[in-house]
1. Of everything in the stretch 31-50, what is within 16 Å of the ligand (Cβ to nearest atom) and closer than 17 Å to Gln18 by Cα? Give them in sequence order.
2. Looking at (1) more than 10 Å from the ligand (Cβ to nearest atom); (2) touching a residue at least 24 places away in the same chain (Cβ under 8 Å); (3) of a type in the set (Ser, Thr, Tyr), find the lone condition where Ser150 falls short.
3. For Ala91, are the conditions met, namely being small (Gly, Ala, Ser), out of contact with any Asp or Glu (no Cβ under 9 Å at 6 or more places or on another chain) and surrounded by 20 or more Cβ atoms within 10 Å (Cβ to Cβ)?
4. Scan the stretch 38-57 and give yes if some residue there is over 29 Å from Gly223 (Cβ atoms), touching a residue at least 40 places away in the same chain (Cβ under 8 Å) and touching a helix residue (DSSP H, G or I) at 6+ places or on another chain (Cβ under 6 Å), otherwise no.
5. Would you list the helices (runs of 4 or more DSSP H) that sit entirely within the stretch 208-319 and hold 2 or more residues that are buried (at least 16 other Cβ atoms within 10 Å of the Cβ) and among the basic types (Lys, Arg)?
6. Using the structure shown, decide if Ala27 is within 16 Å of the ligand (Cβ to nearest atom) and either buried (at least 19 other Cβ atoms within 10 Å of the Cβ) or not hydrophobic (A, V, I, L, M, F, W, C) (or both).
7. Looking only at strands (runs of 3 or more DSSP E) that lie completely in the stretch 128-192, which have at least 2 residues being open to solvent by less than 20 Å² (accessible area, probe 1.4 Å), over 23 Å from Leu104 (Cβ atoms) and not polar (S, T, N, Q)?
8. State which residue is most open to solvent (accessible area, probe 1.4 Å) when the search covers only the stretch 51-80 and only residues that are within 16 Å of the ligand (Cβ to nearest atom) and within 21 Å of Leu17 (Cα to Cα).
Amino acid sequence: MFRTRICELLNIKYPILQGGMAWVATAELASAVSQAGGLGIIGAGNMPGELLREEIAKTRSLTDKPFGVNIMLLSDYVEEQMKVVLEERPAVITTGAGNPGPYLPVLKERGIKVIPVVASVSLAMRLERIGADALIAEGSESGGHIGEVSTMALVPQVVDAVSLPVIAAGGIADGRGFLAALALGAEGVQMGTRFVCSLECTAHPAYKQAIVKAKDRDTVVTGRSTGHPVRCLRNKLTRQFEELENQCAPPEELEELGRGKLRLAVVEGDVEYGSLMAGEISGLIKDIKPVKEIIEDILREAEELLGLLNSRFYKKGDE
Ligand code: TUI
């Protein structure tokens, strides 16, 4: 059940990808997701190339299943990360926060699949034309750096504009979200926040607990004035951001305030002054459980729901 073109393309059992979150998506998390039948993804974030090489080696020591590497295109280390990726050749690269067009030909030449994150129909169409293998349509419900269109509106528009398989991201954490994404025309989902709250995720326990404790209205978007909006759980840091933005502080000052804050949250567990990047779906996440259980619960829930919808709302022959 639920086998799609994404399963064939990536040679995976379930069409579930794990977001390539900087600092959070380490070899431990990525290998657990791949072992469980999804696609684990190492978040290269702001890692120097050689650190990324070590993370890839570690992932390979933990799983023989396919996995990916996410390249965040705003990173200062993109060039050296790309060099490492071309040498190490993970099965797939996902990209975020920009247009990976210039890197596409060389990645493809090496047999690496490329799945960019898009937040608009126009970039989706451009990337299909130049040879992307699939697309992740990421809505503004997501944590971290976001676009402006919500998942519910973005996914079907991207699906209609391209013939590539589309993966939905943003606001998905259970079987209902998974099935809704398929109903919108997606052939897979990518989840970030849900996988932060897994046993295998190496993020600080205080970060995970902050997500588990969060309610529906506990995320905020800061940094709109810098052109790099970021969704996080509300805390002392986001209040500092809001104050600066209300005072119309220059973008450099805001960028400076944000520097190093994701590491502070994920590694040090500073939930007051760290950047607790997390999606709007945080309020739905109530527990920390093994990756395998997260994935299997979602598939079981989606299967049951599909049966229920079919029997409750669809009667053959009804007017
Ligand atoms: O990249 C993400 N999520 C991230 S990156 C990140 S690190 C960061 N920290 C502070 C400021 C900026 C980044 C934390 N979370 N998700 C994928 C994503 N990509 N979301 C939105 C986009 C996107 C936006 C515009 C992709 C392409 C794009 O195109 C612009 C263009 O050049 O056409």
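The values are calculated or read from the model by the stated rules, or taken from the named source; none is laboratory data. The structure displayed is predicted, hence computed values, not measured ones. Don't worry about glycine lacking a Cβ; one is built from the backbone with ideal geometry, like all the others, and counts go over all protein chains shown. All accessible areas refer to the heavy atoms of the entire protein, side chains included, with ligands and DNA or RNA removed. Shrake-Rupley method; radii C 1.70, N 1.55, O 1.52, S 1.80 Å.
1. Passing the criteria: Leu39, Ile41, Ile42, Gly43, Ala44, Gly45.
2. Only one criterion in (1) more than 10 Å from the ligand (Cβ to nearest atom); (2) touching a residue at least 24 places away in the same chain (Cβ under 8 Å); (3) of a type in the set (Ser, Thr, Tyr) is unmet by Ser150, namely (2).
3. no
4. We begin by selecting, within the stretch 38-57, every residue over 29 Å from Gly223 (Cβ atoms); these are 38, 50, 53-54, 56-57.
Now drop any that are not touching a residue at least 40 places away in the same chain (Cβ under 8 Å), which leaves 38.
If we keep only those that are touching a helix residue (DSSP H, G or I) at 6+ places or on another chain (Cβ under 6 Å) as well, we get 38.
The answer is yes, given that some residue of the stretch 38-57 is over 29 Å from Gly223 (Cβ atoms), touching a residue at least 40 places away in the same chain (Cβ under 8 Å) and touching a helix residue (DSSP H, G or I) at 6+ places or on another chain (Cβ under 6 Å).
5. Ranges flagged: 261-266.
6. Here the answer is no, as Ala27 does not meet what is asked.
7. Values: elements: 135-138, 166-169, 188-191.
Answer list for the stretch 128-192: 188-191.
8. Across the stretch 51-80, the extreme among qualifying residues is Met72.
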